[in-house]
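Here's the structure we're looking at; comments come further down.
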Amino acid sequence: IITPNLLAGGSFVNWTVYADDCYNHTQQDGLESFYVNRRTNLSTAPISPDGANSWFISEPLFTLTNPDAASIWYMWDSTGAILYTAPFGLDNIPNSPPKESAGILELNWWSDVCANESEQSQIFKVDLVSPQIIDLIPLGIIYNNKKPEISAYLEEIYQSNSGINKTSVVMQVDGADVSENVSDADSLDAIVSFIPVSDLTAGLHNVSVNVSDNSGRNNQTFWEFYINITPIFDFNVYSPIQTIYGEKRI
């Protein structure tokens, strides 16, 4: 048995047999040979993940090559075989369209050499969408509240995205970093919030939030709100008198 590490694909292997008798006479058989077919090779562009934590943040281009094969096939997860004709991207992934929802995918490929070569597979992680910053609070004018809760929802649009990196979140109020609180909204999304320790002044204030997801995609947003302080008015009720009544209509 010849182990695979001794064989080079795309080449011929020559072999023969020698035998010695008890008088050290050596006899050689004729020369035999066989051809070693190549395994199908997968290459990607870019060559390696261009994001953080082994995530691709741009659409990869996949190329399959095997000079010894007449036909090559590939398959995403378990969705059915596709005949390979040219380099391909994410157009036929299971959750397409849109391909921006790629997520974690398994690519399988094989060729027709040796009555169908054994299947090869590789896992790819693809995140093509930056996190969104929505539900900005407060917005516009707020009245008589000098310590409003300031918050935003950090959303990964597709459930197959890499997820919010909570340690990356930075909130600033009026240009100064604050001690924001970042909590899970679900398995991927998060909520950032802050309640001022001391009163904010009346007038215009601004907030910025910067966030990255686990693939390294980044987003930042900026908004403003206005604190309006109005006099507290008195309200006196003279009628009806505040007491217990024995009838429904007063």
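From the list ASN108, ASN92, pick out the single residue that is modelled with pLDDT of 95 or more, of a type in the set (S, T, N, Q) and surrounded by 11 or more Cβ atoms within 10 Å (Cβ to Cβ).
None of the others qualify; the one that does is ASN108.
Which residue is modelled with the lowest pLDDT, if the candidates are limited to the stretch 169-192 and must be hydroxyl-bearing (Ser, Thr, Tyr) and under 21 Å from ARG217 (Cα atoms)?
In this case the residue turns out to be SER187.
Considering only residues of the stretch 128-160 that are free of Cβ contacts under 8 Å to residues at least 24 places away in the same chain and open to solvent by 80 Å² or more (accessible area, probe 1.4 Å), which is farthest from ASN66 (Cα to Cα)?
ILE137
What are the residues in the stretch 117-127 that are of a type outside the set (Lys, Arg) and in contact (Cβ under 8 Å) with a residue 12 or more places away in the chain, if any?
Hits for the stretch 117-127 are GLU117, GLN120, SER121, GLN122, ILE123, PHE124, VAL126, ASP127.
For a quick check of your reading of the model, give me the residue pairs whose first member lies in the stretch 103-116 and is on the phi > 0 side of the Ramachandran plot, whose second is surrounded by 13 or more Cβ atoms within 10 Å (Cβ to Cβ) and among the hydroxyl-bearing types (Ser, Thr, Tyr), with beta-carbon atoms closer than 7 Å and at least 6 apart or on different chains.
Within 7 Å, the pairs are GLY103/TYR158; GLY103/SER160.
Here are the criteria: (1) under 30 Å from ALA102 (Cβ atoms); (2) loosely packed, with under 13 Cβ neighbours inside 10 Å. Tell me which single one ILE164 does not satisfy.
The single condition ILE164 does not satisfy is (2).
Give the stretch 6-47 a look and list any residue that's among the charged types (D, E, K, R), surrounded by 10 or more Cβ atoms within 10 Å (Cβ to Cβ) and not in a strand (DSSP E or B), or say none.
Hits for the stretch 6-47 are ASP29, ARG38, ARG39.
Give the stretch 232-250 a look and list any residue that's open to solvent by 100 Å² or more (accessible area, probe 1.4 Å), of a type in the set (Val, Ile, Thr) and either in contact with a strand residue (DSSP E or B) (Cβ under 6 Å, 6 or more places away or on another chain) or over 26 Å from ASN144 (Cβ atoms) (or both), or say none.
The answer is ILE241, ILE244, ILE250.
The values are calculated or read from the model by the stated rules, or taken from the named source; none is laboratory data. Values in this document were obtained by computation on a predicted structure and should not be read as measured data. Glycine gets a Cβ as well: all are built from the backbone with ideal geometry, and neighbour counts include every protein chain shown. With ligands, DNA and RNA removed, areas are computed over all heavy atoms of the protein, side chains included. Shrake-Rupley method; radii C 1.70, N 1.55, O 1.52, S 1.80 Å.
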